[in-house]
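The values are calculated or read from the model by the stated rules, or taken from the named source; none is laboratory data. This is a predicted model, so every value here is computed, not measured. Because the Cβ atoms are built from the backbone with ideal geometry, glycine has one as well, and the counts that use them run over all protein chains shown. To get the accessible areas, we keep the full protein, side chains included, count just its heavy atoms, and leave off ligands, DNA and RNA. Shrake-Rupley method; radii C 1.70, N 1.55, O 1.52, S 1.80 Å.
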Amino acid sequence: MLHQTFASSARKVSLRSVPATPTHRFVMFLTPGFSLLNMSGFLEALDLANRLLGREAFHCALCSEDGSRVRASCGVMIPVEAAMTQPKGSDNVIFNMGAPVDSLAQLSASAKASVKSAFRHCKSAAIMGASTEALAQSGCLTQSATYSVHWRNLDFLRETYPELEFSRSALNIGERCASAIGATAGVDLALWAIDKNAGPDLARKCVDELNYTAQYKVQTLSSDAHPALSHIDNDKIRSVVAEMERCIEDVPTAQYFADFAGISGRQLERLFQEHLGLPPKRFFLHLRLERARNLLLQTEMSVMEVAVAIGFGTSSTFSKKFREHFGQAPGQIRRGRAA
């Protein structure tokens, strides 16, 4: 990941090797509910790179559907420079869109067409936060890349778009597309753009100037792991939990996971109790029920379909376990969503 590539070193980074490249132009498309934090992180990191170089090597223009101001998720109205039009072949497009319910429903047909055209024809595309889901609903995303999404939306997107690859990783980089989530998504994508267009020396220097190395260490541990593992660096635990998530529908035995990790059942039990405070069987059940809750809240699957998707043979057994864990029946969770 970029944070490993850009980790600070003891030596000072020389910028003399950075070529005197022409200005790299970026267009950031904003829709209602966009992230002001992500926008400012991206712009500030590019501005830092320009100041380190002593010239404007990077320029980012803000645009909206019709050139009007756009309201961020925090309520602040932001002025833009232009309306969304099809970028030229040399343009790099940044998508900073609100959740689909906030952004896509408010866009005209022509604006949606412009979004698709921009994604397909731009030189490179960067996708921030909720924009992944919005672009998936717009039919823009392809099977050639892996896209970062918030862990709460992961199950819904994987169920809804099984042909696409989604990940909880803070940052995913493809050949012409990068996506990022979390509070530092804007900075992460700016560092990717700086490295891609001006080289790693400048990117490393920006990391140093931003005092960003420590924050990256937490992301390194997080990667695509379950949120419960964000501060756990035990390889056995992390690999077993990843395997648990992969085969939730099959519901293997605890011994299967011990064999998968190459350790005894007793060792696996000890590791889970030490690091997660639960035995493997109990933790696996919690994973399954968490996925069930996400599916009930985010999809139109029936209770029985959700039960089967997480490895329960009957809806009655599933409902009993669900109520014990969440204090509500599956049907109550769904009715609460509709309320």
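The table below gives the values:
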| item | result |
| --- | --- |
| Test for Phe29: is it aromatic (Phe, Trp, Tyr), open to solvent by less than 20 Å² (accessible area, probe 1.4 Å) and at pLDDT below 95 | yes |
| Filter pass, Leu53 being at pLDDT 95 or above, on the phi < 0 side of the Ramachandran plot and either open to solvent by less than 50 Å² (accessible area, probe 1.4 Å) or within 23 Å of the chain's Cα centre (by Cα) (or both) | no |
| Any hit, the range 219-242, residues being at pLDDT below 85 and over 27 Å from Ile263 (Cβ atoms) | yes |
| Residue that is open to solvent by less than 60 Å² (accessible area, probe 1.4 Å) and either at pLDDT below 90 or aliphatic (A, V, I, L, M) (or both), where the choices are Ala45, Ala10 | Ala45 |
| Residues located in the range 169-183, provided they are touching a Leu at 6+ places or on another chain (Cβ under 8 Å) and open to solvent by 30 Å² or more (accessible area, probe 1.4 Å) | Ile173, Ala183 |
| When residues of the range 312-332 are limited to those that are open to solvent by 60 Å² or more (accessible area, probe 1.4 Å) and outside any helix (DSSP H, G or I), the one nearest to Pro252 (Cα to Cα) | Gly313 |
| Residue list for the range 232-253, restricted to those being open to solvent by less than 50 Å² (accessible area, probe 1.4 Å) and in a helix (DSSP H, G or I) | Ile237, Arg238, Ser239, Val240, Val241, Glu243, Met244, Glu245 |
| Hey, Arg71 at pLDDT 90 or above, assigned to a strand (DSSP E or B) and open to solvent by 20 Å² or more (accessible area, probe 1.4 Å) or not | yes |
| Some residue of the range 135-148 being assigned to a helix (DSSP H, G or I), in contact (Cβ under 8 Å) with a residue 12 or more places away in the chain and among the small types (Gly, Ala, Ser) | yes |
| Counted residues, the range 149-166 - those being part of a strand (DSSP E or B) and either in contact with a helix residue (DSSP H, G or I) (Cβ under 8 Å, 6 or more places away or on another chain) or among the hydrophobic types (A, V, I, L, M, F, W, C) (or both) | 1 |
| Among residues of the range 108-126, those that are more than 21 Å from Ser35 (Cα to Cα) and surrounded by 15 or more Cβ atoms within 10 Å (Cβ to Cβ), counted | 3 |
| Odd one out for Leu189 among (1) surrounded by 23 or more Cβ atoms within 10 Å (Cβ to Cβ); (2) part of a loop (DSSP other than H, G, I, E, B) | (2) |
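Okay, residues lined up against (1) more than 18 Å from Ile232 (Cβ to Cβ); (2) surrounded by fewer than 19 Cβ atoms within 10 Å (Cβ to Cβ):
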| site | (1), (2) |
| --- | --- |
| Asp259 | yes, yes |
| Gly265 | yes, yes |
| Glu269 | no, yes |
| Phe284 | no, no |
| Glu290 | no, no |
| Leu297 | yes, yes |
